[in-house]
Amino acid sequence: MAEYKTVRKNAQDQFVEKRSRFIGYACPVQTEQEALDFITSKKSEHWDASHNVYAYILRDGTMRFSDDGEPQGTAGMPVLDVLRKSGVTDVVTVATRYFGGTLLGTGGLVRAYGGAAALALQKARIVTMQVVVPGVWRVSYAQYEQALRILAECGARLEDTRFEADVALCFAMLEEG
């Protein structure tokens, strides 16, 4: 399994554009159900908002978005584009809009919804995830120092050492692709 980019934590940020308030949310998820649950929670929290637009991308290739009543292509697709361009997966974003009375136009909506998603991603901090494999290597006491050098040369991280009848070196290292 290769490395991938996702977000470290749940986050939100907001801004006002021509009196409309936009709130962007980003959340790490691993399944479509987790993404849908997050979307549902934001829709419930902001039941009185004009629109709750969302997009998500999963590592299995699943991608979904919704304009939630905004003109087609002006809300959900820009949010999805922000996710794609950032290269993140296993992420859901929701962009909530409270209408302020002034129409933003097609370009304004695209910029505002994309901007809300980008702010949320930035606040959630994009991280690179790598698959690590745990291991235990049992060696004699005489081989202990040499085993430590070999593990270090291989890029392994020593997690624990147990001194018993022999020495058990518990380690983790990146999975080779």
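Figure legend. Inter-residue proximity from the range 26-41: first residues under 14 Å from Ala11 (Cα atoms), second residues assigned to a strand (DSSP E or B) and open to solvent by 70 Å² or more (accessible area, probe 1.4 Å), beta-carbon distance below 9 Å, spacing 6+ or different chains. Indicated pairs: Ala26/Gln12.
Mind counting the residues in the range 120-140 that are farther than 28 Å from Val92 by Cβ, open to solvent by 40 Å² or more (accessible area, probe 1.4 Å) and either touching a helix residue (DSSP H, G or I) at 6+ places or on another chain (Cβ under 7 Å) or β-branched (Val, Ile, Thr) (or both)? Before you say what the answer is, go through the steps one by one.
Going residue by residue through the range 120-140, those that are farther than 28 Å from Val92 by Cβ are 133-140.
Adding the requirement that they be open to solvent by 40 Å² or more (accessible area, probe 1.4 Å) leaves 133-134, 136-138, 140.
Okay, now just the ones that are also either touching a helix residue (DSSP H, G or I) at 6+ places or on another chain (Cβ under 7 Å) or β-branched (Val, Ile, Thr) (or both), so 133, 136-137.
Qualifying residue count for the region: 3.
For the range 56-95, the set of residues classified as of a type in the set (Asp, Glu), open to solvent by 30 Å² or more (accessible area, probe 1.4 Å) and modelled with pLDDT under 95 consists of Asp60, Asp68, listed by residue number.
Would you call Glu176 in a loop (DSSP other than H, G, I, E, B), within 30 Å of Lys42 (Cβ to Cβ), at pLDDT below 95 and of a type in the set (Asp, Glu)? Talk me through it step by step, then tell me what you get.
Working: in a loop (DSSP other than H, G, I, E, B): yes; within 30 Å of Lys42 (Cβ to Cβ): no; at pLDDT below 95: yes; of a type in the set (Asp, Glu): yes.
The answer is no for Glu176.
Under the condition of being part of a loop (DSSP other than H, G, I, E, B), out of contact with any Ser or Thr (no Cβ under 6 Å at 6 or more places or on another chain) and in contact (Cβ under 8 Å) with a residue 60 or more places away in the chain, which residue from the range 96-119 is surrounded by the most Cβ atoms within 10 Å (Cβ to Cβ)? Working first, answer last.
Within the range 96-119, the subset part of a loop (DSSP other than H, G, I, E, B) is 99-104.
Adding the requirement that they be out of contact with any Ser or Thr (no Cβ under 6 Å at 6 or more places or on another chain) leaves 101-104.
In the following step, the residues that additionally are in contact (Cβ under 8 Å) with a residue 60 or more places away in the chain were identified as 101-102, 104.
Numbers: Gly101: 7, Thr102: 11, Leu104: 20.
The residue in question is Leu104.
Under the condition of being of a type in the set (Phe, Trp, Tyr) and outside any strand (DSSP E or B), which residue from the range 141-173 is surrounded by the fewest Cβ atoms within 10 Å (Cβ to Cβ)?
Start the filter on the range 141-173 by keeping residues that are of a type in the set (Phe, Trp, Tyr), which leaves 141, 144, 163, 171.
Within this subset, residues satisfying the condition of being outside any strand (DSSP E or B) are 141, 144.
Working: Tyr141: 10, Tyr144: 14.
Filtering the range 141-173 for residues that are of a type in the set (Phe, Trp, Tyr) and outside any strand (DSSP E or B), the one surrounded by the fewest Cβ atoms within 10 Å (Cβ to Cβ) comes out as Tyr141.
If you filter the range 57-72 down to residues that are in contact (Cβ under 8 Å) with a residue 24 or more places away in the chain and part of a loop (DSSP other than H, G, I, E, B), you find that the one that is nearest to Thr106 (Cα to Cα) is Pro71.
Reported count of residues in the range 92-119, each being out of contact with any helix residue (DSSP H, G or I) (no Cβ under 6 Å at 6 or more places or on another chain) and closer than 23 Å to Thr40 by Cα, is 9.
Any residue in the range 46-56 that is over 17 Å from the mean Cα position of the chain (by Cα), part of a loop (DSSP other than H, G, I, E, B), closer than 29 Å to Gly105 by Cβ and of a type in the set (S, T, N, Q)? Before the answer, list the steps.
Residues of the range 46-56 over 17 Å from the mean Cα position of the chain (by Cα): 46-53.
Filter again for part of a loop (DSSP other than H, G, I, E, B), leaving 46-50.
If we keep only those that are closer than 29 Å to Gly105 by Cβ as well, we get 46-50.
Subsequent filtering for residues that are of a type in the set (S, T, N, Q) retains 50.
Among the residues of the range 46-56, at least one is over 17 Å from the mean Cα position of the chain (by Cα), part of a loop (DSSP other than H, G, I, E, B), closer than 29 Å to Gly105 by Cβ and of a type in the set (S, T, N, Q), which makes the answer yes.
The values are calculated or read from the model by the stated rules, or taken from the named source; none is laboratory data. The structure presented is a predicted model; accordingly, all values stated were derived computationally and were not measured. Backbone-built Cβ (ideal geometry, glycine too); neighbour counts: all protein chains shown. For the accessible areas, the whole protein counts, side chains as well, though only heavy atoms, and no ligand, DNA or RNA atoms are used. Shrake-Rupley method; radii C 1.70, N 1.55, O 1.52, S 1.80 Å.
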